[in-house]
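To start, the structure itself, in C-alpha cells.
Bear in mind that the values in this text are calculations on the coordinates, not laboratory data. Source: prediction; values computed, not measured. Counting neighbours? That spans all protein chains shown, and the Cβs are built from the backbone with ideal geometry, glycine included.
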Protein chains: 2
Amino acid sequence: MPQHLINKLEHFTRLSEADKDALKGLIRRVRLFEAGTDIIREGERPEHVNLFLAGWAYRYKQLEDGRRQIVAFFVPGDLCDLHVFVLREMDHAIGAITPVRLAQVPREMLIGLMDRHPRVTRALWWETLVDAAIQREWTFNLGRRTALERLAHLLCELFIRLRATGLTDGDSCAFPVTQVELADATGLTNVHVNRTLREMRTSGLIVLKGRQLTIPHLAALQKAALFNPNYLHLDHEGAHLNANA
Amino acid sequence: MPQHLINKLEHFTRLSEADKDALKGLIRRVRLFEAGTDIIREGERPEHVNLFLAGWAYRYKQLEDGRRQIVAFFVPGDLCDLHVFVLREMDHAIGAITPVRLAQVPREMLIGLMDRHPRVTRALWWETLVDAAIQREWTFNLGRRTALERLAHLLCELFIRLRATGLTDGDSCAFPVTQVELADATGLTNVHVNRTLREMRTSGLIVLKGRQLTIPHLAALQKAALFNPNYLHLDHEGAHLNANA
DNA sequence: CGCCCATTTGAGTTTAATCAAAAAACGTGG
DNA sequence: CCACGTTTTTTGATTAAACTCAAATGGGCG
C-alpha cells in the first residue's frame, strides 16, 4: 500500500477516497532489491517511475576516479521523477541502502491517473517541486554550511520527511545510513563525519546508535543546523487549491 | 521572441511551425528589471512562470547571518519551474545580474499551451528534467570537486548552455558574473575564486576579461573539470519521440 | 570463534578561509 | 575627456577547517 505516499501528499492537499484508490492502483508491478545493490544504473534507459514502498535508497553520481556524491535519499513514500521516461539515459544511479521494495509504475498508468484525478495530479506536482527544493537546499548545504551544520541539517530534513510519512516514533526513527554514506551525502570524509557526530552526541543534540536515531530536542538541532523547514512546503499548502473539490 | 528557448528545445525534439508560434504566443506580458534588483523574493507568492528573454539572473538562498549561496543561473531562453504556482510561497529569491527582460506567463496560458501542443509539452518536461539534473550536478560539484574543478565545471556548463541557445560566438561568450557571484555559486570565497581563476588563466584554460569569456580549447577545460555533459541531455534526445510528428 | 564491515582515534598535512589593504576598472557628471 | 567615487579585482600574511594516512577498536553474524 502506498500509505506513506498518501500520508505525505495529504500534507499538501486533501484527497478523496477515489483519489486514494487511484494511488493504490499504481502498485501493480512490485520488485525487491537487496541492500547494497543498484536499483538503476547510470546510462540505463528509464522505463518507469519508481515508487518506494519499503526500505531506504539514494541517488548518487560517481567520477571515474572513485569520488562519489550522494545527491538524494529515498525513503518509503518517495517517488522518482515523474517524467523520467522523457530522457533517453539516466545521468546517475540509484542504490539500495537496505532491502528495498518498490512499485514500478509504467508511464501509461501514470498518465491515465493524471488525466482522471486532477487533485492527485496537483499533489504530484507539489511532490516534484518539493524534490527540486530539496535539491537546492542540498546545494546550499554543501556550499555554505559548516560540517556540523551540514550533518545536523541533513538529519533534520530526514527526520521531518519521515515524520510526514508516518515513519517516526516520537522523537526517534530508523536510520540505516552508514557514516561513509553520510560523508558521501555531505561532501565530507567519513573520518570527519565521525568526529562531527561525536560532537553532536556529546552536546546532546542526537542519540545515534544501532541504526536508530533519536533527536531529544528537534528545535535545538534545527537551531544548530540553521534549519528552516519552509523548503519542504508541508503545512497544508494546497488548502487554497481545495476549492474545486 | 523566445528564439533562445526554441533553439534550446530543438536540441531535444523537432518543433513544428505551429509549435513555435504557440511558444511565441507565451510572450504577452513583458517586464524589465534593473541589474542588482530582485525579480522575486523569498516568501512571495508565485503568480506566473517566468521566461527569460534577455539578461542574466540567479536563484539564491540566504541565511540570516549573511551567508549566501547561488543555486542556479538563468540565461536567455531559460524558464522557471513549470508548476511553481502550486506552491504557496517562494523558498528562495531570484536576482538580476544584468538588466533583465522576461515574459511573465500566466498559468492558464501555459496549461492551454500544453493541452494543445503535446510535443511542446514533452519538450518542456525535458527542460524541467534537465534543470533538476543540473541541480544534482551542482550538488556533486560542491561536494566532491576541488576549487579549480568546480569553477572549470561551472564555466563549461554555462558555455555549453549558452551555445545551445545560440548565445556564443565561436569560443567566446558574454560573461557578466562577478567573482563574488562566482564564489557564491561555487561555495568558495571571492579571494579563492580570484586565485583559482588566475591559475586557470596562466595555464591557458580560459581568457576572462571585461565580462567576456573565451575558452580556447573547450575539451581541455572539460578535462580539467572532469566535465561529463551527459546530464544536460542535449544531442537530440527526443528523436525517438518524433514519430508522431 | 573468527571474519567482515563500520566506527573510532591519533598525528600530520593541505586546502581554502580570514583579515587587511592596494590596485585596477567602471560609470557618471562636470 | 578628465576627475572622482564606487565596485571589482588582486595580492600578501596568517589561521582554521577539513583531509589524509594509518591503525586500533567494536559489533554483528554465520
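Name the pairs whose Cβ atoms lie under 7 Å apart, with the first residue in region B:86-98 and more than 14 Å from every other protein chain (Cβ to nearest Cβ), the second surrounded by fewer than 19 Cβ atoms within 10 Å (Cβ to Cβ) and outside any strand (DSSP E or B), and 6 or more positions between them or separate chains?
B:Ala96/B:Glu34; B:Ala96/B:Ala35; B:Ala96/B:Gly36; B:Ala96/B:Thr37; B:Ile97/B:Ala35; B:Ile97/B:Pro176; B:Thr98/B:Ala35; B:Thr98/B:Pro176
Can you name every residue in region B:192-212 that is away from DNA strand C (no atom under 12 Å from the Cβ) and either in contact with a Ser or Thr (Cβ under 8 Å, 6 or more places away or on another chain) or within 14 Å of chain A (Cβ to nearest Cβ) (or both)?
B:Ile206, B:Val207
Conditions first: (1) in a helix (DSSP H, G or I); (2) touching a helix residue (DSSP H, G or I) at 6+ places or on another chain (Cβ under 7 Å). B:Leu188 passes all but one, so which condition is the exception?
(1)
Among the numbered conditions (1) farther than 30 Å from B:Lys20 by Cα; (2) assigned to a strand (DSSP E or B); (3) within 17 Å of the chain's Cα centre (by Cα), tell me where B:Val177 comes up short.
The failed condition is (2).
Only residues that are away from every other protein chain (no Cβ under 12 Å), part of a loop (DSSP other than H, G, I, E, B) and of a type outside the set (D, E, K, R): list them for region A:68-85, please.
A:Val75, A:Pro76, A:Gly77
Just checking, does region A:162-170 include any residue being within 14 Å of DNA strand C (Cβ to nearest atom) and within 26 Å of A:Glu127 (Cβ to Cβ)?
no
Given the criteria under 24 Å from A:Glu42 (Cα atoms), basic (Lys, Arg) and buried (at least 22 other Cβ atoms within 10 Å of the Cβ), does B:Arg145 qualify?
Judged against the criteria, B:Arg145 is a match.
I'd like the full set of residues that are in a strand (DSSP E or B) and within 26 Å of A:Asn228 (Cβ to Cβ), limited to region B:34-67.
Within region B:34-67, B:Asp38, B:Ile39, B:Ile40, B:His48, B:Val49, B:Asn50, B:Ala57, B:Tyr58, B:Arg59, B:Tyr60, B:Lys61, B:Gln62 qualify.
Within region B:156-186, which residues are within 14 Å of chain A (Cβ to nearest Cβ), more than 9 Å from DNA strand D (Cβ to nearest atom) and in contact with a strand residue (DSSP E or B) (Cβ under 7 Å, 6 or more places away or on another chain)?
B:Asp184, B:Ala185
Show the residue pairs meeting these rules: Cβ distance below 7 Å; 6+ apart or different chains; first residue within region B:146-174 and closer than 19 Å to B:Gln135 by Cα; second residue in a loop (DSSP other than H, G, I, E, B) and within 16 Å of DNA strand D (Cβ to nearest atom).
What qualifies is B:Ala147/B:Leu188; B:Glu149/B:Leu226; B:Ala152/B:Leu205; B:His153/B:Arg145; B:Leu155/B:Ile206.
Which residue, of B:Ala183, B:Ala152, is in contact with a Phe, Trp or Tyr (Cβ under 8 Å, 6 or more places away or on another chain), part of a helix (DSSP H, G or I), within 13 Å of DNA strand C (Cβ to nearest atom) and among the small types (Gly, Ala, Ser)?
B:Ala152
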